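Down below is the structure, laid out as structure tokens.
The values are calculated or read from the model by the stated rules, or taken from the named source; none is laboratory data. As the structure is a prediction and not an experimental result, all values here were calculated from the model. When we count neighbours, we look across all protein chains shown, and the Cβ atoms used for this are built from the backbone with ideal geometry, even at glycine. Only protein heavy atoms, including side chains, enter the accessible area calculation; ligands, DNA and RNA are left aside. Shrake-Rupley method; radii C 1.70, N 1.55, O 1.52, S 1.80 Å.
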Amino acid sequence: MAACIDTTRTDTSQLSRNPNRSQSDDQAYNYVKFCRPPPVPCTPFSRNHTKTTNKPAVVDDFDQQNSLWRIMKEEARVDVEQEPILSSYYFTSILSQKSLERALANLLSIKLSNSSLPSTTLVDLFAGVLEESPEIIRAVVEDLKAVRERDPACVSFVHSFLNFKGFLACQAHRVAHKLWSQGRQVLALLIQNRVSEVFAVDIHPGAKMGHGILFDHATGVIVGETAVIGNNVSILHNVTLGGTGKACGDRHPKIGDGVLIGAGTCILGNIRIGDGAKIGAGSVVLKDVPPRTTAVGNPARLIGGKENPIKLDRIPSLTMDHTSFIADWSDYVI
């Protein structure tokens, strides 16, 4: 599911025409307005963005979850027409459900149940949390859009909803985090354990996550208790957002908006990865990474050097570009 790069996008108002733009120049740039406002998809650093992929354009206004839910049900009907053998599965998972909340609660309860923890017990728990938490459903919609937009292996919203374990693990965590914040820690930790066993994704229920999150492949992702992940972040498999030892308190990384974290990366300690930064695959990051810079290596170092790092002019979590920095890294890279 490694993403391809769309090189046909137009960019008439790039952040940095000069890649070595000074830190002071960045103060006038309001990154947040490009990345935070739901439900319009976050775009690269360009106000004039033309999407030219073969995927259908994402609806700008989902009318919250209702419009997306109608789209998913239509996609499900098309899938059933193509593969009648899946009619029972699609009916149970999508077509018989009255809302996105109920469908998600039903799917998670089936996935996370076992012989001593029946789905009938879990479905009421998940449905209760989701139906009482509109902020979670808004995040679910943004996460579905993130998968659809950024992952070329995703063929439809319903495909990602039913089959992408990174998406499902993220939504189970949202429920667990809600329970954790309500003081229901035993239930929250139970969900964390089942998600870890079923999806191979281990996110502590205390960790905080924004919207528009993509866990691509997701296997081996570990997120510590006091970690914070911003909006529109893309994280590949085998990524650890961990601590540095047995220290208590606030001890895990803080990931800014629009960050891309490559596969096999370890980010350790209470450090900050700035908005729009890129972390190359296999890196070990132990210190803060400035906004819109690229860090790579073990231990990680900034492309362009610490004093004058090269600045990115596109939001890396959206371009999913994992290799453009190599030419600036080392003459010995093959």
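Quick notes on this structure:
- If you go through the range 235-260 and keep only what is under 21 Å from G210 (Cβ atoms) and among the polar types (S, T, N, Q), you end up with just T240.
- Matching residues, the range 204-214, being open to solvent by less than 10 Å² (accessible area, probe 1.4 Å) and either among the hydroxyl-bearing types (S, T, Y) or in contact with a strand residue (DSSP E or B) (Cβ under 8 Å, 6 or more places away or on another chain) (or both): A207, I213, L214
- Checking each residue in the range 303-320 for being touching a Cys at 6+ places or on another chain (Cβ under 8 Å) and farther than 14 Å from G274 by Cβ picks out L318, M320.
- Of the residues making up the range 289-305, not a single one is among the polar types (S, T, N, Q), buried (at least 24 other Cβ atoms within 10 Å of the Cβ) and within 30 Å of S181 (Cα to Cα).
- Lone qualifier among A127, A146 - being in contact with a strand residue (DSSP E or B) (Cβ under 8 Å, 6 or more places away or on another chain) and either surrounded by 18 or more Cβ atoms within 10 Å (Cβ to Cβ) or closer than 20 Å to N66 by Cβ (or both): A146
- In the range 215-230, the residues that are open to solvent by less than 10 Å² (accessible area, probe 1.4 Å) and more than 22 Å from G269 (Cβ to Cβ): D216, A218
- Output for the range 276-290, where each listed residue is in contact (Cβ under 8 Å) with a residue 60 or more places away in the chain and within 12 Å of I255 (Cβ to Cβ): G276
- In this structure, E81 qualifies as modelled with pLDDT of 95 or more and farther than 30 Å from T319 by Cα.
- Counting only residues that are part of a helix (DSSP H, G or I), farther than 19 Å from L122 by Cα and aromatic (F, W, Y), the range 133-187 holds 1 of them.
- Taken over the range 196-226, the criterion of being in contact (Cβ under 8 Å) with a residue 12 or more places away in the chain and not in a loop (DSSP other than H, G, I, E, B) is satisfied by V198, F199, V201, D202, I203, K208, M209, L214, F215, V221, I222, V223.
- Members of the range 159-168 that are among the hydrophobic types (A, V, I, L, M, F, W, C) and surrounded by fewer than 23 Cβ atoms within 10 Å (Cβ to Cβ): L162
- Some residue of the range 257-271 being open to solvent by 30 Å² or more (accessible area, probe 1.4 Å) and among the charged types (D, E, K, R): no
- Single match in S156, S99 (criterion: touching a helix residue (DSSP H, G or I) at 6+ places or on another chain (Cβ under 7 Å), touching a residue at least 60 places away in the same chain (Cβ under 8 Å) and among the polar types (S, T, N, Q)): S156
- Candidates in the range 310-319 are the residues that are in a loop (DSSP other than H, G, I, E, B) and buried (at least 22 other Cβ atoms within 10 Å of the Cβ); of these, the one that is nearest to the chain's Cα centre (by Cα) is I315.
- Scanning the range 231-248 for residues that are more than 20 Å from K165 (Cβ to Cβ) and either open to solvent by 40 Å² or more (accessible area, probe 1.4 Å) or under 12 Å from the mean Cα position of the chain (by Cα) (or both) turns up N231, N232, T244, G245, K246, A247, C248.
- For the range 157-174, the condition holds for no residue, the condition being that it is more than 21 Å from the chain's Cα centre (by Cα) and either over 19 Å from S317 (Cβ atoms) or among the β-branched types (V, I, T) (or both).
- A count restricted to the range 102-112 and to residues that are within 17 Å of E197 (Cβ to Cβ), without any contact (Cβ under 8 Å) to a residue 24 or more places away in the chain and crowded, with 17+ Cβ neighbours inside 10 Å stands at 1.
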